[in-house]
1. Could you please find all residues in the range 86-120 being touching a His at 6+ places or on another chain (Cβ under 8 Å) and either among the basic types (Lys, Arg) or not assigned by TED's automatic domain parsing to the domain that holds THR231 (or both)?
2. For the range 127-136, name all the residues that are in a strand (DSSP E or B) and of a type outside the set (A, V, I, L, M).
3. Taking ARG202 and the conditions (1) surrounded by fewer than 20 Cβ atoms within 10 Å (Cβ to Cβ); (2) under 20 Å from the mean Cα position of the chain (by Cα), which numbered condition does it fall short on, given that it satisfies the others?
4. Among the residues of the range 133-144, is there at least one that is in contact with an Asp or Glu (Cβ under 8 Å, 6 or more places away or on another chain) and touching a residue at least 24 places away in the same chain (Cβ under 8 Å)?
5. State which residue is modelled with the lowest pLDDT when the search covers only the range 73-87 and only residues that are assigned to a loop (DSSP other than H, G, I, E, B) and not polar (S, T, N, Q).
6. Residues in the range 88-107 that are part of a helix (DSSP H, G or I), surrounded by fewer than 22 Cβ atoms within 10 Å (Cβ to Cβ) and of a type in the set (S, T, N, Q): how many?
7. Looking at the range 1-53, which of the residues that are at pLDDT 90 or above and either on the phi > 0 side of the Ramachandran plot or assigned to a loop (DSSP other than H, G, I, E, B) (or both) is surrounded by the most Cβ atoms within 10 Å (Cβ to Cβ)?
8. So which of GLU167, GLU152, GLU56 ends up being modelled with pLDDT under 95 and either touching a helix residue (DSSP H, G or I) at 6+ places or on another chain (Cβ under 7 Å) or surrounded by fewer than 15 Cβ atoms within 10 Å (Cβ to Cβ) (or both)?
Amino acid sequence: MTPAADTDTAPEVAEVRGHLEEANSAPIALSEIAKQTARLWRKYHLDYDQTKHVVELARKDLRLTPPKQRRRTVDRLDQLEVRRLIDAAYRQSAQYGLMVKVLFSTGARVSEFVNIEISHLQLDLDPPQIFIAHAKGGSDGSVPILPALAQELRTHLGTRRSGYLFESNRHTRYTPRLVQRVVKAAAQTAGIDKTVTPHRLRASVATLLLDGGMPLDQVQRFLRHQRITTTQIYAETSVKNVGENYLKVFGR
């Protein structure tokens, strides 16, 4: 099977309402529009309630409607789907299987994952860790992995002591696009009827950790989010799954 190209989207990227620097149809700054509006309101001595009414009438006249609310949950794979995905990747090749397992286990962004070097491995620590460098927003940091995965990485490396953790026959790092194709092809082989990307694996490990009882601030540290409000999106997904699992238990 030839994997198709895919994209990696982050749930934390969202347009912020009211923060556009320029109006949509003219190069005039919103700050200048605000000044002109203030002068007009001042001319007619409008009070607070009157200005609110004017804004409402203007929006109605322009037929403006509020944008759709940003989705506050993210899609994820459950534990069974993750196991099926990893098993399917191993059936493609041992290296692809290990790649997907490490990608999921570390919660690394695909851009971070492809830059993991052998020197970033800290396999003799308790628990073993992998240092994530080249991170988004300068959020470099170490993440724990299971001892069994550390042993698998030792076997994978053999006598190699330098270079990238996963690299091509030419000793160059894999591209993010190649990793995305590997993940997508494994999902198709596993029969997972969802759009599976590296970022969905990151979302999946985050919500599974929260479902398992890890505190939100620790999940934030694991994901290396700069703001806990970003991590909160995964927490809301976790709460949603509580309701879904409740219905499953009681057979509805």
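The values are calculated or read from the model by the stated rules, or taken from the named source; none is laboratory data. Keep in mind that this is a model prediction, so the values were computed, not measured. We place every Cβ from the backbone using ideal geometry, glycine too, and count neighbours over all the protein chains shown.
1. ARG109
2. Our first condition is that a residue be in a strand (DSSP E or B); within the range 127-136, this holds for 129-132.
Passing the criteria: GLN129, PHE131.
3. Tallying (1) surrounded by fewer than 20 Cβ atoms within 10 Å (Cβ to Cβ); (2) under 20 Å from the mean Cα position of the chain (by Cα), ARG202 fails exactly one: (1).
4. Step one: filter the range 133-144 for residues in contact with an Asp or Glu (Cβ under 8 Å, 6 or more places away or on another chain), giving 133-136.
Those left that are additionally touching a residue at least 24 places away in the same chain (Cβ under 8 Å): 135-136.
Within the range 133-144, one or more residues are in contact with an Asp or Glu (Cβ under 8 Å, 6 or more places away or on another chain) and touching a residue at least 24 places away in the same chain (Cβ under 8 Å).
5. Pass one, the range 73-87, residues assigned to a loop (DSSP other than H, G, I, E, B): 73-78.
When the remaining residues are screened for being not polar (S, T, N, Q), the result is 74-78.
Values: VAL74: 62, ASP75: 76, ARG76: 88, LEU77: 93, ASP78: 92.
Applying the filter and picking the extreme gives VAL74.
6. Of the residues in that region, 3 qualify.
7. LEU46
8. On the way: GLU167 fails: either touching a helix residue (DSSP H, G or I) at 6+ places or on another chain (Cβ under 7 Å) or surrounded by fewer than 15 Cβ atoms within 10 Å (Cβ to Cβ) (or both); GLU152 fails: modelled with pLDDT under 95.
That would be GLU56, the only listed residue that is modelled with pLDDT under 95 and either touching a helix residue (DSSP H, G or I) at 6+ places or on another chain (Cβ under 7 Å) or surrounded by fewer than 15 Cβ atoms within 10 Å (Cβ to Cβ) (or both).
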